[in-house]
Amino acid sequence: MSIEKAVLYVVATPIGNLEDMSLRAVEVLRGVDLIAAEDTRHSRRLLQRFNIRTPLLALHEHNERRMVERLLRRVDAGAALALISDAGTPLVSDPGFLLVREARCRGIRVSPVPGPSALLAALSVAGLPTHDFRFLGFPPRTHAQRVQWAQGLVDERQTLVLYESSHRVLETLRDLAEWLGGERQCVVARELTKLHETLINGSLSELIAILERDPEQNKGEFVLLIAAAVGDASEDARQLRSADRVVGILAEEMPLAQAVALAARISGARKNLLYRRALGGAQGDRK
């Protein structure tokens with residue numbers, strides 16, 4: 001195939017198994033003048049595997065703003081540029097947005113070279129509805145921020161899809177169980193297309209127990225897929241939020257522990273659950 005000049009190619013690369021690399025992706029990466037990669041050390045192994053000798057330049061979240069002008073000057077001068085990420089489809093929780101946006105604003109042709117995506121790979125095998133889903137990227141890193149984030153997901157009537165790292169996957173599952181309910185169904189997809197690929201489905205509570213029992217299941221890269229809210233779950237969540245409001249009002253007049261105990265008696269909610277939620281909300285307010 002012939003490679004057009006003065007074009008930015010956005011090229012998807014394998015998310016694990018290198019054999020998922022498309023023939024077109026190989027041809028484009030061989031034919032362009034320069035490849036912008038999130039991590040040149042990681043990408044160099046991929047290029048060596050397919051005997052691609054095109055020069056590499058780093059483009060990541062720390063240098064993207066200052067590199068955009070330099071790269072687009074090359075394209076304006078007639079160069080063909082390819083953008084790749086560490087794995088999968090660029091811009092899906094990866095750098096590159098500023099480069100693509102500025103290229104389009106300048107009238108530079110931006111051409112996708114489609115291929116692997118952890119998001120779509122996980123959806124295709126999860127057994128959850130795919131006609132309506134919401135991709136959330138990576139959750140906030142701190143507990144207080146995740147509490148506020150999870151609160152906003154309680155009534156979502158779509159399949160929820162998110163990425164998470166091995167360092168925070170258990171904490172994120174616990175926060176989701178706290179706010180969406182431990183019975184909410186979920187799929188944990190780990191190390192997709194790699195040697196240790198695992199897919200586990202069950203309730204959030206069940207999955208937390210599995211990951212707590214088996215440290216091996218805490219390793220690698222994760223896609224979490226959470227079932228949409230249904231009537232009962234959504235109603236339970238609304239009742240809890242109502243109890244939270246009662247706690248907040250009472251806590252203005254009395255110690256938190258006393259406010260929680262009284263709110264639990266009024267609402268029928270579990271006291272320890274209301275107390276944890278109240279502490280999480282208080283931490284979020286202090287941030």
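Nothing in this text is a laboratory measurement; each read-out follows from the coordinates by a stated rule. Just so it is clear, the model here is predicted, and its values are computed rather than measured. Cβ atoms come from the backbone with ideal geometry, glycine included; neighbour counts cover every protein chain shown.
Brief remarks follow.
- Projected over every direction and averaged, the convex hull enclosing the alpha-carbon atoms of the chain yields 17.6 nm².
- Amide H partners (placed H, <5 Å) of residue 220, local residues excluded: 166
- Beta bridges per DSSP with both ends in the chain, % antiparallel, nearest 5: 50
- Per-peptide average of other Cβ atoms within 10 Å, ordering 118-124, 57-63 highest first: 118-124, 57-63
- When the chain is treated as a GNM with alpha-carbon contacts under 10 Å, the residue of 115, 268, 182 showing the greatest mean-square fluctuation is 268.
- From least to most packed, judged by other beta carbons within 10 angstrom and beginning with the fewest, 212, 27 follow the order 212, 27.
- Fluctuation leader among 183, 19, 197 - the chain, Gaussian network, Cα springs under 10 angstrom: 19
- Sequence-distant residues sharing a close amide H with residue 134 (under 5 Å, placed H): 159, 160, 161
- Diffusion coefficient, µm² s⁻¹, Stokes-Einstein with Kirkwood Rh over alpha-carbon pairs of the range 97-207 at 25 °C and 0.890 mPa s: 154
- Inter-label distance, nm, simple model (7 Å from Cα along the C-beta direction), residue 131/residue 194: 3.5
- Label point distance in nm, residue 102-residue 171, each placed 7 Å from Cα along Cα→Cβ: 3.3
- Share of Cα-Cα pairs in the range 1-67 lying beyond 21 Å, as whole percent: 22
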